[in-house]
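Note sheet for the following structure.
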Ligand SMILES: *Cc1c(COP(=O)(O)O)cnc(C)c1O
């Protein structure tokens, strides 16, 4: 079915076509100078010392835990209201995910209070996820990290250039992880990035990205190296220069795209404000946000009511989504499942509305009018 208003539209144009042609003509397609350029530009834009371009954010999360030597017998505190990849990474290294609830129905980020309750002697790290581009309570979470000696990994997939107290998200943790999947703020098909200011983490992540090999084929092709050793058990988590070139263009367009999204959010809030029985999460946040998605939560709702609203909107040609089905309720996590009343409520009553830079004011009026009729 073709929607009148889709949930998301890519922001790709002539610039992307041009750089793709250039990479094809350069004769070098796999990891090479474009990946390195992207790493330099992206880490500089966010404000960390190092960047490691990767095949996905899932790879970034996996490597983050690997370089911290987190594994069997360790526990990692994290939200359940996130994409399942956040949790799968913990399983990859054999550690135990410990699910924490969110702050409230108006703040869908991990609750520092619940984190503190669930810290044990086995706890090694906290993974935070900045939902929709809005910061977790980093003052409190960094405080817990110091008090209990826990590492922080930021799953910042929703939050490139988002801020907390005027400082970029992705610079608070020991490592931050980004996705460049098609529907993210930087969308190139598949891709990801690990950012850190810790030199040891950076060096080890680079090794593990490519089979634990000490030199890369680009260096050998350029005559900078003749051979290689394998010093660690690594993976093939490489990005390629085709997608890195796309990501560089997308990064250049990012701020402008986000400013448009901010205006769209303001319009949504202005029009939705007077509709009863709707919560607009993060309504009063003032820090700059990427607005990766625009979530609303029904008051006094349940899953049935929510699904009905989504159905009616779909019939009007408006595509919506749900962020997220709870990770701890999936079959593979039933052994670690927890009681998370707020996360459960939001997962049942949240609707993700269309959000992309070219969403017009007329579209927003149309969407809000249809929500209103439904209430
Ligand atoms: C998209 C996303 C991921 C996974 O990213 P991939 O690049 O597809 O591996 C992980 N966490 C969150 C919060 C995401 O939104």
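Going by the structure shown, is residue 277 touching a residue at least 40 places away in the same chain (Cβ under 8 Å) and under 30 Å from residue 214 (Cβ atoms)? Before you say what the answer is, go through the steps one by one.
Numbers: touching a residue at least 40 places away in the same chain (Cβ under 8 Å): yes; under 30 Å from residue 214 (Cβ atoms): no.
Criteria not met by residue 277.
Please tell me if residue 356 is closer than 30 Å to residue 75 by Cα and touching a helix residue (DSSP H, G or I) at 6+ places or on another chain (Cβ under 9 Å). Spell out how you get there, then give the answer.
Numbers: closer than 30 Å to residue 75 by Cα: no; touching a helix residue (DSSP H, G or I) at 6+ places or on another chain (Cβ under 9 Å): yes.
Against the criterion (closer than 30 Å to residue 75 by Cα and touching a helix residue (DSSP H, G or I) at 6+ places or on another chain (Cβ under 9 Å)), residue 356 does not qualify.
Yes or no: the stretch 92-102 includes at least one residue that is in a helix (DSSP H, G or I) and at pLDDT 95 or above. Even if it seems obvious, please write down each step before you answer.
Residues of the stretch 92-102 in a helix (DSSP H, G or I): 92.
Okay, now just the ones that are also at pLDDT 95 or above, so 92.
There is at least one residue in the stretch 92-102 that is in a helix (DSSP H, G or I) and at pLDDT 95 or above.
Go through (1) within 25 Å of residue 232 (Cα to Cα); (2) more than 12 Å from the chain's Cα centre (by Cα); (3) touching a residue at least 40 places away in the same chain (Cβ under 8 Å) for residue 119 and report which single condition fails.
(1)
Based on what the data block shows, is residue 289 part of a loop (DSSP other than H, G, I, E, B) and either on the phi > 0 side of the Ramachandran plot or modelled with pLDDT of 95 or more (or both)?
Values: part of a loop (DSSP other than H, G, I, E, B): yes; either on the phi > 0 side of the Ramachandran plot or modelled with pLDDT of 95 or more (or both): yes.
Spelling it out, residue 289 is indeed part of a loop (DSSP other than H, G, I, E, B) and either on the phi > 0 side of the Ramachandran plot or modelled with pLDDT of 95 or more (or both).
Kindly indicate whether any position in the stretch 184-195 is touching a residue at least 24 places away in the same chain (Cβ under 8 Å), surrounded by fewer than 19 Cβ atoms within 10 Å (Cβ to Cβ) and more than 16 Å from the ligand (Cβ to nearest atom).
Within the stretch 184-195, the first condition is being touching a residue at least 24 places away in the same chain (Cβ under 8 Å), and the residues that meet it are 184-195.
Next, from what is left, pick out any that are surrounded by fewer than 19 Cβ atoms within 10 Å (Cβ to Cβ): 189-190.
With more than 16 Å from the ligand (Cβ to nearest atom) added as a condition, the list becomes none.
There is no residue in the stretch 184-195 that is touching a residue at least 24 places away in the same chain (Cβ under 8 Å), surrounded by fewer than 19 Cβ atoms within 10 Å (Cβ to Cβ) and more than 16 Å from the ligand (Cβ to nearest atom).
State all residues of the stretch 196-242 that are within 15 Å of the ligand (Cβ to nearest atom) and outside any helix (DSSP H, G or I); if no residue qualifies, say none.
Matches in the stretch 196-242: 235, 236, 237, 238, 239, 240.
Among the listed residues 81, 77, identify the single one that is away from the ligand (no atom under 12 Å from the Cβ) and modelled with pLDDT of 95 or more. I'd like the intermediate steps shown before the answer.
Details: 81 fails: away from the ligand (no atom under 12 Å from the Cβ).
Only one candidate passes the filter, namely 77.
Looking at residue 102, is it buried (at least 24 other Cβ atoms within 10 Å of the Cβ), without any contact (Cβ under 8 Å) to a residue 40 or more places away in the chain and either on the phi < 0 side of the Ramachandran plot or within 12 Å of the ligand (Cβ to nearest atom) (or both)?
Details: buried (at least 24 other Cβ atoms within 10 Å of the Cβ): yes; without any contact (Cβ under 8 Å) to a residue 40 or more places away in the chain: no; either on the phi < 0 side of the Ramachandran plot or within 12 Å of the ligand (Cβ to nearest atom) (or both): yes.
So residue 102 fails the test.
The values are calculated or read from the model by the stated rules, or taken from the named source; none is laboratory data. Please read these numbers as outputs of a predicted model, since none were measured by experiment. Cβ: placed from backbone, ideal geometry, glycine included. Neighbour counts: every protein chain shown.
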